[in-house]
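A.B. asks: Let me begin by handing over the structure; questions about it come next.
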Amino acid sequence: MVAKTDPSMGAKGISLMVVETADAPGFARGRNLEKLGLKSQDTSELFFDNVRLPPENLLGGTEGQGFYQLMKSLPQERLVVALGGAAAMDKALEETVAYTAERKAFGKPLLEMQNTRFKLAEVKTVAHIARVFLDDCVAKHLRGELDATTASMAKWWVTQMQCDTMDECLQLFGGYGYMSEYPISTMYADARVQKIYGGSNEIMKELIARSLTP
Amino acid sequence: MTAHISPWMDEELTLLQDSLRTFYATEMVPHEARWQEQGHIDRDFWNKAGAFGILCASVPEEYGGMGGDFRHEAVIATEQYRAAGFSGFGNSVHSQICAGYILDYGSEAQKKRWLPKMASGEMVCAIAMTEPGTGSDLQNIKTTAKLDGNEYVVNGSKTFITNGQQADLVILWWPRPTPAWGPKASR
C-alpha cells in the first residue's frame, strides 16, 4: 500500500477526514463491485462531489498528520491480515482431513494414501509455523515493538502460504473442490486477495529488503 | 488434532474464544451462503456483533468498547476465519483498523462522538485510501479537500472500499493542501 517514503511525500503529507455518510450531501456510493471471491463482503466505489465538512471532522485536528498516523498503524493492519490467513489454513486443513478420511478411491480412503498424507503433513507443518511466528508478532505488538520489517514478513509469507495451502487442499477434493457447494472452493477464491490488499506482497518484500544493509 | 495454544492466551481469552466459536457458528456461518448471494452481510449482524461485544474490543470502556487489548482483537479475528475459512464480515477494517485510527489520533470529542456508535454496531466504518489508478502508488492520490470559509470541500473518488455499501462513517484520505489555501500544519 505505501510504496515508498519519498521525501516529497513526507513534506506534502496526507490528512485523514471522517465523513458521516448520512449527513454528507454530495457523497454517493457506486455499485457493489463483483469480485472473484469475498462475495459476502460489500466492496465499493465511493464518490465525493463538493462534500462540505467542518474542521471537527479532521482526525486529530491537525492537517498533514495522516502519513505519520498511517506508518504507525500499518504493522497492526498487516498482522491482522496474517492472522486471518493462518486461521484460514487451520480451517482448510480441518475440512480436507475430514473429506479425505471419508472419500474412498481405489478401495480405500484418500487419507490412507501416501500423497494425501504427505501433502497434509506439509500443510499442518506450515500452518503450525505460521501460528508460532504470529504468536511472536502478537507478543511484540503488545509490547509496542512490532516493526515494519517483521510485520511485512508476516503479511507476505502467511498470505502466500495461505494461497498455496488452499491450492493443495482443493486438489485433494478433486472435481468437488471446484464446486461452489464445497467450502474449499470459496476459501480458495477468498484467499487470493490477501496477497493484494493491506499492502501488496511485493511492497512487503520491498520494505523488508530495505533492512538488508551490508 | 491437538490445537496449538498461543502463549499469550489466558483464562479470560479462552472463555472469549469458546463463546466466539458458538457465536460465529450460530450467527454467521449458517447465513454465509445467502450473504454471498446478496453480496453483503445482513446489516443487523453488525448490531448483533456489537451486542455480543466483538466490535472495538480494544477500545476502552469509556468509549463504549470492551476495554481489551490486541490479544482480544487477535482472538476475535482468528476465530472468525477459523469458523468458515472466509467471511464478508468486515470487522478487521471496522475494529482493528478504523477504530484504532480514531482511538489513537482522534480528539476527545471525536472519540466520544464516534467510538460508542462503532462499538454498538450503530455505525459501520470504512477507510477510503485507494483511488482508481493509484493502488500502491499513494503519491498519486487525487482527492482534494479545500478550505472554503470555515469548511473543507471534498472532491474525488475512491474504489475497492471494504464495507463500502454499509458504511455510516468513512475515514477519508486526502493530500494535505498547499499552504496557499490551507492552514499551517504543525510540521
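A.B. asks: For region B:21-38, how many residues meet the condition of being within 14 Å of another protein chain (Cβ to nearest Cβ) and free of Cβ contacts under 8 Å to residues at least 60 places away in the same chain?
C.D. replies: So the answer is 12.
A.B. asks: What is the one condition in (1) hydrophobic (A, V, I, L, M, F, W, C); (2) more than 7 Å from every other protein chain (Cβ to nearest Cβ); (3) surrounded by 24 or more Cβ atoms within 10 Å (Cβ to Cβ); (4) not in a helix (DSSP H, G or I) that B:Phe86 does not satisfy?
C.D. replies: Here B:Phe86 meets the rest and fails (2).
A.B. asks: Got at least one residue in region B:108-129 being in a strand (DSSP E or B), open to solvent by 10 Å² or more (accessible area, probe 1.4 Å) and not basic (Lys, Arg)?
C.D. replies: yes
A.B. asks: In this structure, does B:Ile141 turn out to be in contact (Cβ under 8 Å) with a residue 24 or more places away in the chain and buried (at least 21 other Cβ atoms within 10 Å of the Cβ)?
C.D. replies: Taking the combined requirement at face value, the residue does not satisfy it.
A.B. asks: To continue, here is another question. Go through A:Lys91, A:Lys104 for me and flag whichever is assigned by TED's automatic domain parsing to the domain that holds A:Gln171, open to solvent by 10 Å² or more (accessible area, probe 1.4 Å) and closer than 25 Å to B:His94 by Cα.
C.D. replies: Criteria check complete, one pass: A:Lys91.
A.B. asks: Just the residues that are more than 7 Å from chain A (Cβ to nearest Cβ), touching a helix residue (DSSP H, G or I) at 6+ places or on another chain (Cβ under 7 Å) and not small (Gly, Ala, Ser), please, taken from region B:125-149.
C.D. replies: B:Cys125, B:Ile127, B:Thr134, listed by residue number.
A.B. asks: Working carefully through the options A:Asp190, A:Asp135, A:Asp167, find the one that is assigned to a helix (DSSP H, G or I), closer than 25 Å to B:Phe160 by Cβ, among the charged types (D, E, K, R) and open to solvent by less than 50 Å² (accessible area, probe 1.4 Å).
C.D. replies: The conditions single out A:Asp190.
A.B. asks: Please enumerate the residues belonging to region B:82-114 that are in contact with a Ser or Thr (Cβ under 9 Å, 6 or more places away or on another chain) and among the aromatic types (Phe, Trp, Tyr).
C.D. replies: B:Phe86, B:Phe89, B:Tyr101, B:Tyr105 - these are the residues of region B:82-114 that are in contact with a Ser or Thr (Cβ under 9 Å, 6 or more places away or on another chain) and among the aromatic types (Phe, Trp, Tyr).
A.B. asks: For the subset of region A:1-30 comprising residues that are modelled with pLDDT under 95 and among the charged types (D, E, K, R), which member is surrounded by the most Cβ atoms within 10 Å (Cβ to Cβ)?
C.D. replies: Ranking the candidates gives A:Lys12 first.
A.B. asks: Taking region A:107-131 as the search range and keeping residues that are open to solvent by 70 Å² or more (accessible area, probe 1.4 Å) and farther than 15 Å from A:Gln162 by Cα, which one is nearest to the other protein chains (Cβ to nearest Cβ)?
C.D. replies: Taking the candidates together, the pick is A:Arg117.
A.B. asks: What tally of residues in region B:47-62 results from selecting those that are under 13 Å from B:Cys98 (Cβ atoms) and open to solvent by less than 10 Å² (accessible area, probe 1.4 Å)?
C.D. replies: Counting residues in region B:47-62 that are under 13 Å from B:Cys98 (Cβ atoms) and open to solvent by less than 10 Å² (accessible area, probe 1.4 Å) gives 3.
A.B. asks: Could you grab me the full set of residues in region A:107-140 that are over 22 Å from B:Ala3 (Cβ atoms) and either in contact (Cβ under 8 Å) with a residue 24 or more places away in the chain or outside the structural domain of A:Met161 (by TED's automatic domain parsing) (or both)?
C.D. replies: A:Leu110
A.B. asks: If a residue has to be more than 9 Å from every other protein chain (Cβ to nearest Cβ) and within 11 Å of A:Thr96 (Cβ to Cβ) to count, how many in region A:175-190 make the cut?
C.D. replies: 2
The values are calculated or read from the model by the stated rules, or taken from the named source; none is laboratory data. Keep in mind that this is a model prediction, so the values were computed, not measured. As a convention, Cβ positions derive from the backbone with ideal geometry for all residues, glycine included, and neighbour counts pool all protein chains shown. Just so you know, the surface numbers come from the protein's heavy atoms only, side chains and all, with ligands and any DNA or RNA stripped out. Shrake-Rupley method; radii C 1.70, N 1.55, O 1.52, S 1.80 Å.
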